[in-house]
1. For residue 43, indicate whether it is surrounded by 12 or more Cβ atoms within 10 Å (Cβ to Cβ) and free of Cβ contacts under 8 Å to residues at least 60 places away in the same chain.
2. Look through 118, 105 and report the one residue that is under 30 Å from residue 179 (Cα atoms), in contact (Cβ under 8 Å) with a residue 24 or more places away in the chain, more than 18 Å from the chain's Cα centre (by Cα) and not assigned by TED's automatic domain parsing to the domain that holds residue 175.
3. Kindly indicate which of 100, 137 is surrounded by 11 or more Cβ atoms within 10 Å (Cβ to Cβ), farther than 24 Å from residue 9 by Cβ and either in contact with a strand residue (DSSP E or B) (Cβ under 9 Å, 6 or more places away or on another chain) or touching a residue at least 12 places away in the same chain (Cβ under 8 Å) (or both).
4. Residue 113 fails exactly one of the following numbered conditions: (1) touching a helix residue (DSSP H, G or I) at 6+ places or on another chain (Cβ under 7 Å); (2) within 26 Å of residue 7 (Cα to Cα); (3) without any contact (Cβ under 8 Å) to a residue 40 or more places away in the chain. What is the number of that condition?
């Protein structure tokens, strides 16, 4: 038997505190269209009684971001064993100018925005949604040659990391490039 032939991500789902507030936030901040809502009093896959509202937002290019509001469950919280910067939802924007315009738009909505942060092959800004989910907007600035170099060392880096848990230096040039631009 072979692995399935994937056609992309159907949707990614997160929990939210308030479905209406969440939909309005993503419409206002990122211009996402509200596609649809599904609500049930029991979970279709398990049959458990657990009322929910499941909302779906268009993230562009046939990508969907979804949220569940679960009013009978304990209050949502984040994973406190994971640093807050690790878990995030990242969206691509078309250019560095679009990234800077998005930052101005978000700050105009009184959101705290971090960045742009230079990652060598892209620049990003970060902010939080009303549920505490960290959101990243990223503008690619890489060259095909840079992506090829990174792809060429990916397997070796992963193997070295798995063996040592020490950051491999195969792509140190990426951060040296950032330091030289500062």
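The values are calculated or read from the model by the stated rules, or taken from the named source; none is laboratory data. Keep in mind that this is a model prediction, so the values were computed, not measured. Backbone-built Cβ (ideal geometry, glycine too); neighbour counts: all protein chains shown.
1. Details: surrounded by 12 or more Cβ atoms within 10 Å (Cβ to Cβ): yes; free of Cβ contacts under 8 Å to residues at least 60 places away in the same chain: yes.
Judged against the criteria, residue 43 is a match.
2. Details: 118 fails: more than 18 Å from the chain's Cα centre (by Cα).
Among 118, 105, only 105 is under 30 Å from residue 179 (Cα atoms), in contact (Cβ under 8 Å) with a residue 24 or more places away in the chain, more than 18 Å from the chain's Cα centre (by Cα) and not assigned by TED's automatic domain parsing to the domain that holds residue 175.
3. Values: 137 fails: farther than 24 Å from residue 9 by Cβ.
That would be 100, the only listed residue that is surrounded by 11 or more Cβ atoms within 10 Å (Cβ to Cβ), farther than 24 Å from residue 9 by Cβ and either in contact with a strand residue (DSSP E or B) (Cβ under 9 Å, 6 or more places away or on another chain) or touching a residue at least 12 places away in the same chain (Cβ under 8 Å) (or both).
4. (2)
Here is a yes/no grid of residues against (1) under 28 Å from residue 149 (Cβ atoms); (2) under 15 Å from the mean Cα position of the chain (by Cα):
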residue: 59; (1), (2): no, yes
residue: 63; (1), (2): yes, yes
residue: 74; (1), (2): no, no
residue: 123; (1), (2): yes, yes
